[in-house]
1. Among the residues of region 223-243, which ones are surrounded by fewer than 19 Cβ atoms within 10 Å (Cβ to Cβ), free of Cβ contacts under 8 Å to residues at least 40 places away in the same chain and assigned to a loop (DSSP other than H, G, I, E, B)?
2. Taking strands (runs of 3 or more DSSP E) that do not extend beyond region 101-189, which have at least 3 residues that are more than 16 Å from the ligand (Cβ to nearest atom) and either touching a helix residue (DSSP H, G or I) at 6+ places or on another chain (Cβ under 9 Å) or not assigned by TED's automatic domain parsing to the domain that holds residue 15 (or both)?
3. Report, by residue number, each residue of region 425-473 that is among the basic types (Lys, Arg) and outside any loop (DSSP other than H, G, I, E, B).
4. Scan region 191-209 and tell me whether some residue there is within 16 Å of the ligand (Cβ to nearest atom), under 30 Å from residue 401 (Cα atoms) and either free of Cβ contacts under 8 Å to residues at least 12 places away in the same chain or in a loop (DSSP other than H, G, I, E, B) (or both).
5. For residue 367, state whether it is in contact (Cβ under 8 Å) with a residue 40 or more places away in the chain and buried (at least 24 other Cβ atoms within 10 Å of the Cβ).
6. Can you work out which of the residues in region 244-301 that are among the hydroxyl-bearing types (Ser, Thr, Tyr) and not in a helix (DSSP H, G or I) is farthest from residue 421 (Cα to Cα)?
7. Farther than 20 Å from residue 392 by Cβ, crowded, with 21+ Cβ neighbours inside 10 Å and among the β-branched types (Val, Ile, Thr): is that true of residue 284 in this structure?
Amino acid sequence: MQRRPNLLFIMSDDHAAHAISAYGSRIVETPNIDRLADEGVRFDAAFCTNSICTPSRASILTGTHPHVNGVTTLDTPLDNELWTFPQALQDAGYVTGIIGKWHLGHGPRHDPAGFDRWRILPGQGHYDNPVMLEADGVVVERSGYVSDLITDDCIDFIEEHRDEPFALFCHHKAAHRTWVPAPRHFSLFDDDDIPEPETFRDDLAGHAEAIKRVKMSMMDLDPIVDLKSPVPDGLSRDEEIEWRYQRYMKDYLRVVIGMDEGIGRMLDRLDELGLAEDTIVVYTSDQGFFLGDHGWFDKRLMYEESLAMPLLIRYPQLTKGASTSDAIVLNVDFAPTFLELAGVPVPDHVQGRSFASLLSGDRPDDWQTSMYYRYWMHRDSAHNTPAHYGVRTSSHKLICYYNDPLDQPGAHGPIDPIEWEMFDLESDPLEQRNVIADPAYAEIRSALVRELARLQRELGDEPYPGAVEALPG
Ligand code: CA
(Lines give C-alpha, C1' and ligand atoms only; values in the text may rest on other atoms or scores of the structure.)
Protein backbone atom coordinates (compact mmCIF):
# COMPACT_ATOMS: atom_id res chain seq x y z
CA MET A 1 0.00 0.00 0.00
CA GLN A 2 1.24 3.45 -0.87
CA ARG A 3 2.26 5.42 2.15
CA ARG A 4 -0.27 8.07 3.10
CA PRO A 5 1.10 11.54 2.34
CA ASN A 6 2.24 13.87 5.07
CA LEU A 7 0.82 17.39 5.08
CA LEU A 8 2.98 20.39 5.90
CA PHE A 9 0.56 23.32 5.82
CA ILE A 10 2.46 26.59 6.10
CA MET A 11 0.24 29.62 6.58
CA SER A 12 1.43 33.14 7.17
CA ASP A 13 -0.56 36.17 8.21
CA ASP A 14 -1.35 39.05 5.85
CA HIS A 15 1.27 38.04 3.30
CA ALA A 16 0.03 39.32 -0.04
CA ALA A 17 0.78 37.34 -3.20
CA HIS A 18 2.36 40.45 -4.73
CA ALA A 19 5.08 40.24 -2.07
CA ILE A 20 6.23 36.84 -3.38
CA SER A 21 8.63 36.72 -6.30
CA ALA A 22 6.99 33.57 -7.72
CA TYR A 23 3.90 35.77 -8.19
CA GLY A 24 5.93 38.38 -10.06
CA SER A 25 6.48 40.73 -7.13
CA ARG A 26 8.17 44.00 -8.10
CA ILE A 27 9.40 44.62 -4.58
CA VAL A 28 10.96 41.48 -3.06
CA GLU A 29 12.69 38.16 -3.70
CA THR A 30 11.37 35.16 -1.74
CA PRO A 31 13.64 32.35 -2.98
CA ASN A 32 12.43 29.69 -0.56
CA ILE A 33 8.70 30.16 -1.03
CA ASP A 34 9.48 30.23 -4.74
CA ARG A 35 10.83 26.67 -4.51
CA LEU A 36 7.26 25.48 -3.98
CA ALA A 37 6.21 27.23 -7.19
CA ASP A 38 9.18 25.83 -9.12
CA GLU A 39 8.41 22.30 -7.98
CA GLY A 40 4.63 22.55 -7.64
CA VAL A 41 1.54 24.49 -8.68
CA ARG A 42 0.96 28.22 -8.32
CA PHE A 43 -2.72 29.06 -7.94
CA ASP A 44 -3.54 32.42 -9.49
CA ALA A 45 -7.18 32.67 -8.44
CA ALA A 46 -7.18 31.55 -4.79
CA PHE A 47 -9.48 33.69 -2.67
CA CYS A 48 -10.65 34.04 0.90
CA THR A 49 -14.37 34.26 1.64
CA ASN A 50 -13.83 36.99 4.27
CA SER A 51 -10.60 38.99 4.28
CA ILE A 52 -9.77 39.02 7.97
CA CYS A 53 -7.66 36.70 10.14
CA THR A 54 -10.07 34.84 12.41
CA PRO A 55 -12.88 34.14 9.91
CA SER A 56 -10.52 33.01 7.15
CA ARG A 57 -8.76 30.62 9.54
CA ALA A 58 -12.11 29.19 10.65
CA SER A 59 -13.21 28.71 7.03
CA ILE A 60 -9.97 26.88 6.27
CA LEU A 61 -10.36 24.49 9.22
CA THR A 62 -14.11 23.85 8.87
CA GLY A 63 -14.60 24.03 5.10
CA THR A 64 -17.61 26.29 5.65
CA HIS A 65 -18.43 29.97 5.14
CA PRO A 66 -18.53 32.38 8.10
CA HIS A 67 -22.34 32.56 8.26
CA VAL A 68 -22.36 28.76 8.71
CA ASN A 69 -19.49 28.27 11.19
CA GLY A 70 -20.39 31.43 13.12
CA VAL A 71 -16.90 32.97 12.90
CA THR A 72 -17.84 36.17 11.12
CA THR A 73 -15.56 38.73 12.83
CA LEU A 74 -12.44 39.03 14.98
CA ASP A 75 -14.64 38.75 18.06
CA THR A 76 -16.42 35.49 17.26
CA PRO A 77 -14.06 32.66 18.34
CA LEU A 78 -14.23 29.19 16.82
CA ASP A 79 -16.36 26.66 18.69
CA ASN A 80 -13.86 23.80 18.93
CA GLU A 81 -16.66 21.23 18.95
CA LEU A 82 -17.28 22.00 15.28
CA TRP A 83 -15.95 19.53 12.72
CA THR A 84 -12.50 20.47 11.38
CA PHE A 85 -10.27 18.73 8.88
CA PRO A 86 -7.27 18.38 11.25
CA GLN A 87 -9.62 16.53 13.60
CA ALA A 88 -10.70 14.29 10.72
CA LEU A 89 -7.06 13.57 9.90
CA GLN A 90 -6.35 12.76 13.55
CA ASP A 91 -9.38 10.45 13.66
CA ALA A 92 -8.00 8.71 10.56
CA GLY A 93 -4.69 7.99 12.29
CA TYR A 94 -2.59 11.01 11.41
CA VAL A 95 -0.35 12.61 14.01
CA THR A 96 -1.44 16.25 14.01
CA GLY A 97 0.24 19.39 15.29
CA ILE A 98 -0.16 23.14 15.16
CA ILE A 99 2.61 25.58 16.00
CA GLY A 100 2.34 29.35 15.85
CA LYS A 101 -0.62 31.65 15.38
CA TRP A 102 -4.08 30.30 16.20
CA HIS A 103 -6.18 33.46 16.70
CA LEU A 104 -9.44 31.55 17.01
CA GLY A 105 -9.97 32.09 20.73
CA HIS A 106 -8.72 30.59 23.98
CA GLY A 107 -10.24 28.48 26.74
CA PRO A 108 -11.94 25.10 26.94
CA ARG A 109 -14.37 25.81 24.06
CA HIS A 110 -11.89 27.58 21.78
CA ASP A 111 -8.42 26.07 22.27
CA PRO A 112 -7.12 23.94 19.40
CA ALA A 113 -8.89 20.56 19.16
CA GLY A 114 -7.94 17.64 16.97
CA PHE A 115 -4.20 18.19 17.48
CA ASP A 116 -1.86 15.75 19.22
CA ARG A 117 0.46 18.63 19.90
CA TRP A 118 -0.17 22.33 19.96
CA ARG A 119 1.94 25.31 20.88
CA ILE A 120 0.32 28.60 19.96
CA LEU A 121 0.73 32.33 20.38
CA PRO A 122 -1.86 33.98 22.60
CA GLY A 123 -3.97 36.25 20.37
CA GLN A 124 -1.63 38.05 17.96
CA GLY A 125 1.48 37.10 19.98
CA HIS A 126 4.81 38.92 19.95
CA TYR A 127 7.66 38.96 17.44
CA ASP A 128 10.41 39.01 20.09
CA ASN A 129 10.66 36.53 22.97
CA PRO A 130 7.05 35.39 22.58
CA VAL A 131 5.03 33.58 25.21
CA MET A 132 3.42 30.43 23.82
CA LEU A 133 0.56 28.32 25.13
CA GLU A 134 0.17 24.55 25.19
CA ALA A 135 -2.46 22.06 26.33
CA ASP A 136 -3.28 21.75 30.04
CA GLY A 137 -2.59 25.41 30.68
CA VAL A 138 1.15 25.18 30.07
CA VAL A 139 2.73 28.58 29.37
CA VAL A 140 6.15 28.57 27.68
CA GLU A 141 8.41 31.62 27.75
CA ARG A 142 10.52 31.63 24.60
CA SER A 143 13.72 33.44 23.86
CA GLY A 144 14.34 34.52 20.27
CA TYR A 145 12.52 35.70 17.15
CA VAL A 146 9.05 34.31 16.53
CA SER A 147 9.51 33.07 12.94
CA ASP A 148 12.75 31.28 13.90
CA LEU A 149 11.14 29.67 16.97
CA ILE A 150 8.09 28.46 15.02
CA THR A 151 10.44 27.03 12.38
CA ASP A 152 12.57 25.26 15.02
CA ASP A 153 9.50 23.73 16.65
CA CYS A 154 8.14 22.57 13.30
CA ILE A 155 11.43 20.91 12.38
CA ASP A 156 11.43 19.15 15.77
CA PHE A 157 7.89 17.90 15.11
CA ILE A 158 8.81 16.63 11.63
CA GLU A 159 11.90 14.83 12.96
CA GLU A 160 9.95 13.25 15.78
CA HIS A 161 7.17 11.97 13.51
CA ARG A 162 9.17 11.18 10.38
CA ASP A 163 8.10 7.52 10.43
CA GLU A 164 4.32 8.00 10.65
CA PRO A 165 1.83 10.03 8.60
CA PHE A 166 1.74 13.54 10.03
CA ALA A 167 -0.19 16.73 9.39
CA LEU A 168 1.66 19.76 10.68
CA PHE A 169 0.21 23.26 10.66
CA CYS A 170 3.01 25.82 10.70
CA HIS A 171 1.19 29.10 11.29
CA HIS A 172 3.51 32.08 11.15
CA LYS A 173 2.79 35.35 12.89
CA ALA A 174 4.63 37.11 10.08
CA ALA A 175 3.80 39.33 8.29
CA HIS A 176 1.17 40.84 10.60
CA ARG A 177 1.18 44.41 11.83
CA THR A 178 3.06 45.78 13.73
CA TRP A 179 6.06 44.67 11.74
CA VAL A 180 9.15 43.84 13.82
CA PRO A 181 12.01 42.25 11.84
CA ALA A 182 14.59 39.81 13.19
CA PRO A 183 17.66 41.73 14.42
CA ARG A 184 19.74 40.26 11.55
CA HIS A 185 17.42 42.04 9.09
CA PHE A 186 17.27 45.48 10.72
CA SER A 187 19.27 47.13 7.96
CA LEU A 188 18.11 45.02 5.03
CA PHE A 189 16.76 47.28 2.21
CA ASP A 190 18.31 50.35 3.89
CA ASP A 191 19.89 51.41 0.63
CA ASP A 192 16.86 50.52 -1.51
CA ASP A 193 13.93 52.55 -2.71
CA ILE A 194 10.87 50.29 -2.73
CA PRO A 195 8.83 51.01 -5.90
CA GLU A 196 5.38 52.46 -5.28
CA PRO A 197 2.44 50.56 -6.78
CA GLU A 198 0.65 51.97 -9.80
CA THR A 199 -2.42 52.92 -7.75
CA PHE A 200 -0.48 54.53 -4.89
CA ARG A 201 -2.02 57.95 -5.67
CA ASP A 202 -5.52 56.60 -6.36
CA ASP A 203 -8.06 59.35 -5.64
CA LEU A 204 -10.85 56.72 -5.41
CA ALA A 205 -13.03 58.79 -7.75
CA GLY A 206 -16.21 56.90 -8.62
CA HIS A 207 -15.85 54.46 -5.73
CA ALA A 208 -18.47 54.06 -3.02
CA GLU A 209 -18.53 56.80 -0.39
CA ALA A 210 -18.02 54.10 2.25
CA ILE A 211 -14.68 53.27 0.60
CA LYS A 212 -13.53 56.87 0.73
CA ARG A 213 -14.06 56.79 4.53
CA VAL A 214 -11.78 53.83 5.32
CA LYS A 215 -8.76 54.49 7.53
CA MET A 216 -6.04 52.54 5.75
CA SER A 217 -3.96 55.29 4.21
CA MET A 218 -0.27 55.82 4.86
CA MET A 219 -1.31 58.73 7.12
CA ASP A 220 -3.32 56.29 9.27
CA LEU A 221 -0.16 54.36 10.23
CA ASP A 222 1.18 55.26 13.66
CA PRO A 223 4.73 56.63 13.24
CA ILE A 224 6.06 55.23 16.50
CA VAL A 225 4.18 51.94 16.74
CA ASP A 226 4.05 51.01 13.03
CA LEU A 227 6.99 52.89 11.55
CA LYS A 228 9.32 52.92 14.59
CA SER A 229 10.32 56.54 14.05
CA PRO A 230 8.94 60.03 14.50
CA VAL A 231 8.14 61.74 11.21
CA PRO A 232 11.17 63.81 10.13
CA ASP A 233 10.69 67.57 10.29
CA GLY A 234 10.16 69.65 7.19
CA LEU A 235 8.44 67.14 4.91
CA SER A 236 5.60 68.21 2.65
CA ARG A 237 2.45 66.05 2.84
CA ASP A 238 3.44 64.18 -0.33
CA GLU A 239 6.96 63.65 0.97
CA GLU A 240 5.61 62.40 4.27
CA ILE A 241 3.35 59.87 2.48
CA GLU A 242 6.36 58.62 0.52
CA TRP A 243 8.49 58.44 3.66
CA ARG A 244 5.76 56.49 5.45
CA TYR A 245 5.43 54.05 2.56
CA GLN A 246 9.16 53.30 2.59
CA ARG A 247 9.23 52.75 6.36
CA TYR A 248 6.12 50.55 6.19
CA MET A 249 7.20 48.43 3.25
CA LYS A 250 10.78 47.88 4.38
CA ASP A 251 9.74 46.45 7.75
CA TYR A 252 6.95 44.40 6.12
CA LEU A 253 9.42 42.91 3.64
CA ARG A 254 12.09 42.29 6.32
CA VAL A 255 9.51 40.29 8.25
CA VAL A 256 8.64 38.37 5.07
CA ILE A 257 12.33 37.56 4.49
CA GLY A 258 12.69 36.25 8.05
CA MET A 259 9.85 33.83 7.45
CA ASP A 260 11.07 32.85 3.97
CA GLU A 261 14.42 31.82 5.47
CA GLY A 262 12.63 29.54 7.92
CA ILE A 263 10.61 27.97 5.13
CA GLY A 264 13.90 27.22 3.37
CA ARG A 265 15.20 25.47 6.49
CA MET A 266 12.04 23.33 6.71
CA LEU A 267 12.20 22.36 3.03
CA ASP A 268 15.90 21.46 3.39
CA ARG A 269 15.12 19.28 6.40
CA LEU A 270 12.35 17.47 4.48
CA ASP A 271 14.92 16.76 1.75
CA GLU A 272 17.53 15.53 4.24
CA LEU A 273 15.02 13.23 5.91
CA GLY A 274 13.90 11.83 2.56
CA LEU A 275 10.34 13.04 3.16
CA ALA A 276 9.89 15.49 0.29
CA GLU A 277 8.39 12.94 -2.14
CA ASP A 278 5.66 11.89 0.30
CA THR A 279 4.82 15.27 1.76
CA ILE A 280 2.23 17.74 0.48
CA VAL A 281 3.73 21.15 1.19
CA VAL A 282 1.36 24.12 1.09
CA TYR A 283 2.20 27.78 1.35
CA THR A 284 -0.63 30.23 1.83
CA SER A 285 -1.70 33.24 3.86
CA ASP A 286 -5.04 33.81 5.58
CA GLN A 287 -5.72 36.63 3.10
CA GLY A 288 -3.92 39.31 1.11
CA PHE A 289 -2.87 42.83 2.03
CA PHE A 290 -2.66 46.28 0.49
CA LEU A 291 0.98 47.18 -0.07
CA GLY A 292 0.35 50.82 -0.85
CA ASP A 293 -2.23 49.78 -3.45
CA HIS A 294 -4.95 52.46 -3.67
CA GLY A 295 -2.75 54.31 -1.16
CA TRP A 296 -3.56 51.78 1.58
CA PHE A 297 -2.21 49.23 4.00
CA ASP A 298 -4.42 46.49 5.58
CA LYS A 299 -7.04 44.19 4.02
CA ARG A 300 -10.80 43.60 4.77
CA LEU A 301 -12.07 44.85 1.41
CA MET A 302 -13.05 42.70 -1.56
CA TYR A 303 -10.51 44.30 -3.89
CA GLU A 304 -7.98 41.95 -5.47
CA GLU A 305 -4.91 42.71 -3.33
CA SER A 306 -6.86 41.83 -0.17
CA LEU A 307 -9.14 39.10 -1.57
CA ALA A 308 -6.39 37.02 -3.16
CA MET A 309 -4.52 34.44 -1.09
CA PRO A 310 -1.13 33.22 -2.23
CA LEU A 311 -1.41 29.46 -2.72
CA LEU A 312 1.48 27.23 -3.72
CA ILE A 313 1.29 23.46 -3.41
CA ARG A 314 4.06 20.94 -3.98
CA TYR A 315 3.31 17.23 -3.97
CA PRO A 316 5.77 15.41 -6.22
CA GLN A 317 3.39 12.45 -6.62
CA LEU A 318 0.97 14.74 -8.51
CA THR A 319 2.53 18.09 -9.35
CA LYS A 320 4.81 18.37 -12.36
CA GLY A 321 6.48 21.58 -11.24
CA ALA A 322 6.40 25.17 -12.45
CA SER A 323 2.74 24.90 -13.37
CA THR A 324 -0.06 27.37 -12.74
CA SER A 325 -3.82 27.20 -12.38
CA ASP A 326 -6.30 30.01 -12.93
CA ALA A 327 -9.23 27.98 -11.59
CA ILE A 328 -11.10 29.74 -8.78
CA VAL A 329 -10.27 27.99 -5.48
CA LEU A 330 -11.37 29.18 -2.04
CA ASN A 331 -10.26 28.82 1.56
CA VAL A 332 -13.35 26.62 2.15
CA ASP A 333 -12.00 24.25 -0.53
CA PHE A 334 -8.80 23.49 1.42
CA ALA A 335 -10.35 21.02 3.89
CA PRO A 336 -11.91 18.67 1.29
CA THR A 337 -8.78 18.88 -0.87
CA PHE A 338 -6.35 17.75 1.82
CA LEU A 339 -8.76 15.07 3.04
CA GLU A 340 -9.09 13.67 -0.47
CA LEU A 341 -5.30 13.60 -0.86
CA ALA A 342 -5.05 11.76 2.48
CA GLY A 343 -7.79 9.30 1.48
CA VAL A 344 -10.13 10.49 4.22
CA PRO A 345 -13.87 10.89 3.47
CA VAL A 346 -15.33 14.40 3.35
CA PRO A 347 -18.60 14.88 5.25
CA ASP A 348 -21.61 16.25 3.35
CA HIS A 349 -21.93 19.44 5.39
CA VAL A 350 -18.60 20.77 4.07
CA GLN A 351 -19.35 23.60 1.61
CA GLY A 352 -16.01 23.60 -0.18
CA ARG A 353 -15.08 21.20 -2.92
CA SER A 354 -11.82 19.30 -3.38
CA PHE A 355 -9.47 20.75 -6.00
CA ALA A 356 -7.04 17.83 -5.71
CA SER A 357 -7.41 17.09 -9.44
CA LEU A 358 -6.07 20.57 -10.24
CA LEU A 359 -2.70 19.53 -8.83
CA SER A 360 -2.13 17.31 -11.84
CA GLY A 361 -3.71 19.83 -14.20
CA ASP A 362 -7.18 18.29 -14.55
CA ARG A 363 -9.97 20.81 -14.19
CA PRO A 364 -13.40 19.26 -13.77
CA ASP A 365 -15.85 20.47 -16.48
CA ASP A 366 -18.25 21.73 -13.85
CA TRP A 367 -15.63 23.57 -11.76
CA GLN A 368 -16.86 26.77 -10.04
CA THR A 369 -16.70 29.94 -12.13
CA SER A 370 -17.68 32.38 -9.38
CA MET A 371 -17.12 32.93 -5.68
CA TYR A 372 -19.03 34.49 -2.79
CA TYR A 373 -17.51 36.93 -0.31
CA ARG A 374 -18.82 38.60 2.83
CA TYR A 375 -17.16 40.93 5.32
CA TRP A 376 -19.22 41.59 8.42
CA MET A 377 -17.35 44.07 10.61
CA HIS A 378 -19.12 47.32 9.81
CA ARG A 379 -17.10 50.41 10.72
CA ASP A 380 -14.65 48.61 12.99
CA SER A 381 -12.99 51.13 15.26
CA ALA A 382 -9.52 50.80 13.73
CA HIS A 383 -10.25 51.00 10.00
CA ASN A 384 -13.86 52.15 9.56
CA THR A 385 -14.43 49.58 6.81
CA PRO A 386 -18.00 49.00 5.63
CA ALA A 387 -19.81 45.67 5.86
CA HIS A 388 -20.23 44.24 2.37
CA TYR A 389 -20.77 41.18 0.25
CA GLY A 390 -20.21 40.36 -3.37
CA VAL A 391 -19.45 37.99 -6.18
CA ARG A 392 -16.32 37.59 -8.30
CA THR A 393 -16.14 35.73 -11.57
CA SER A 394 -13.07 35.26 -13.75
CA SER A 395 -13.87 38.55 -15.49
CA HIS A 396 -16.01 40.75 -13.24
CA LYS A 397 -16.74 41.71 -9.66
CA LEU A 398 -19.91 43.05 -8.05
CA ILE A 399 -19.88 44.42 -4.47
CA CYS A 400 -22.74 45.59 -2.25
CA TYR A 401 -21.85 47.80 0.72
CA TYR A 402 -24.90 47.33 2.87
CA ASN A 403 -23.38 49.35 5.68
CA ASP A 404 -25.30 47.97 8.64
CA PRO A 405 -23.77 46.69 11.89
CA LEU A 406 -26.46 43.97 12.17
CA ASP A 407 -25.44 43.74 15.83
CA GLN A 408 -22.17 42.06 14.89
CA PRO A 409 -19.53 42.09 17.64
CA GLY A 410 -16.83 44.58 16.81
CA ALA A 411 -19.13 46.59 14.57
CA HIS A 412 -19.84 50.25 15.13
CA GLY A 413 -21.42 53.27 13.64
CA PRO A 414 -24.59 54.30 11.90
CA ILE A 415 -26.53 52.53 9.19
CA ASP A 416 -25.32 54.13 5.97
CA PRO A 417 -27.01 54.08 2.56
CA ILE A 418 -26.55 50.91 0.50
CA GLU A 419 -23.97 51.38 -2.25
CA TRP A 420 -22.84 49.14 -5.10
CA GLU A 421 -19.65 48.81 -7.10
CA MET A 422 -18.84 46.79 -10.17
CA PHE A 423 -15.51 46.26 -11.93
CA ASP A 424 -14.45 44.83 -15.27
CA LEU A 425 -11.36 42.88 -14.24
CA GLU A 426 -10.23 42.37 -17.82
CA SER A 427 -10.13 46.01 -18.90
CA ASP A 428 -9.58 47.40 -15.40
CA PRO A 429 -7.62 44.86 -13.32
CA LEU A 430 -6.62 47.52 -10.77
CA GLU A 431 -10.31 48.25 -10.04
CA GLN A 432 -10.30 51.98 -10.54
CA ARG A 433 -13.40 52.38 -12.70
CA ASN A 434 -16.73 51.61 -11.02
CA VAL A 435 -19.09 50.64 -13.86
CA ILE A 436 -22.16 49.92 -11.73
CA ALA A 437 -24.18 52.67 -13.46
CA ASP A 438 -22.63 52.30 -16.92
CA PRO A 439 -25.38 51.28 -19.41
CA ALA A 440 -22.82 49.38 -21.48
CA TYR A 441 -22.58 46.90 -18.60
CA ALA A 442 -26.33 46.52 -17.95
CA GLU A 443 -26.50 42.95 -19.18
CA ILE A 444 -23.40 41.77 -17.33
CA ARG A 445 -24.63 43.55 -14.22
CA SER A 446 -27.95 41.68 -14.33
CA ALA A 447 -26.10 38.38 -14.70
CA LEU A 448 -23.87 39.19 -11.71
CA VAL A 449 -26.85 40.21 -9.57
CA ARG A 450 -28.50 36.86 -10.39
CA GLU A 451 -25.27 34.98 -9.68
CA LEU A 452 -24.87 36.70 -6.32
CA ALA A 453 -28.43 35.72 -5.38
CA ARG A 454 -27.83 32.15 -6.56
CA LEU A 455 -24.68 31.83 -4.44
CA GLN A 456 -26.44 33.24 -1.37
CA ARG A 457 -29.28 30.74 -1.81
CA GLU A 458 -26.95 27.83 -2.42
CA LEU A 459 -24.71 28.68 0.55
CA GLY A 460 -27.59 29.49 2.87
CA ASP A 461 -26.81 33.17 3.42
CA GLU A 462 -29.38 35.98 3.50
CA PRO A 463 -29.32 38.98 1.17
CA TYR A 464 -29.48 42.34 2.89
CA PRO A 465 -33.05 43.73 2.80
CA GLY A 466 -33.51 46.31 0.05
CA ALA A 467 -30.05 45.73 -1.48
CA VAL A 468 -31.22 44.91 -5.00
CA GLU A 469 -33.73 47.78 -4.93
CA ALA A 470 -30.81 50.12 -4.17
CA LEU A 471 -29.01 49.35 -7.44
CA PRO A 472 -28.63 52.55 -9.47
CA GLY A 473 -31.34 52.81 -12.17
CA1 CA B 1 -4.47 37.90 8.56
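1. Hits for region 223-243 are 223, 224, 228, 229, 230, 231, 232, 233, 234, 235, 236.
2. Details: elements: 117-121, 131-134, 139-141, 166-171.
Filter on region 101-189 gives 117-121, 166-171.
3. Of all residues in region 425-473, those among the basic types (Lys, Arg) come to 433, 445, 450, 454, 457.
Once the filter is applied, which keeps residues that are among the basic types (Lys, Arg) and outside any loop (DSSP other than H, G, I, E, B), region 425-473 yields 445, 450, 454, 457.
4. First pass over region 191-209, keeping only residues within 16 Å of the ligand (Cβ to nearest atom): none.
Taking every residue of region 191-209 in turn, none turns out to be within 16 Å of the ligand (Cβ to nearest atom), under 30 Å from residue 401 (Cα atoms) and either free of Cβ contacts under 8 Å to residues at least 12 places away in the same chain or in a loop (DSSP other than H, G, I, E, B) (or both).
5. Details: in contact (Cβ under 8 Å) with a residue 40 or more places away in the chain: yes; buried (at least 24 other Cβ atoms within 10 Å of the Cβ): no.
It is false that residue 367 is in contact (Cβ under 8 Å) with a residue 40 or more places away in the chain and buried (at least 24 other Cβ atoms within 10 Å of the Cβ).
6. From region 244-301, those among the hydroxyl-bearing types (Ser, Thr, Tyr) are 245, 248, 252, 279, 283-285; that's our starting set.
Among the residues that remain, those that are also not in a helix (DSSP H, G or I) are: 279, 283-285.
Values: 279: 42, 283: 31, 284: 28, 285: 26 Å.
So the residue we want is 279.
7. Numbers: farther than 20 Å from residue 392 by Cβ: no; crowded, with 21+ Cβ neighbours inside 10 Å: yes; among the β-branched types (Val, Ile, Thr): yes.
So residue 284 does not fit the description; no.
So that you can scan it fast, the table gives a plain yes or no per residue for (1) touching a residue at least 24 places away in the same chain (Cβ under 8 Å); (2) of a type in the set (Gly, Ala, Ser); (3) out of contact with any Pro (no Cβ under 8 Å at 6 or more places or on another chain); (4) within 16 Å of the ligand (Cβ to nearest atom):
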site	(1), (2), (3), (4)
287	yes, no, yes, yes
312	yes, no, yes, no
329	yes, no, yes, no
361	yes, yes, yes, no
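The values are calculated or read from the model by the stated rules, or taken from the named source; none is laboratory data. Predicted model only: the values in this text are computed from it and were never measured. Using ideal geometry, Cβ is built from the backbone for each residue, glycine included, and neighbour counts are taken over all protein chains shown.
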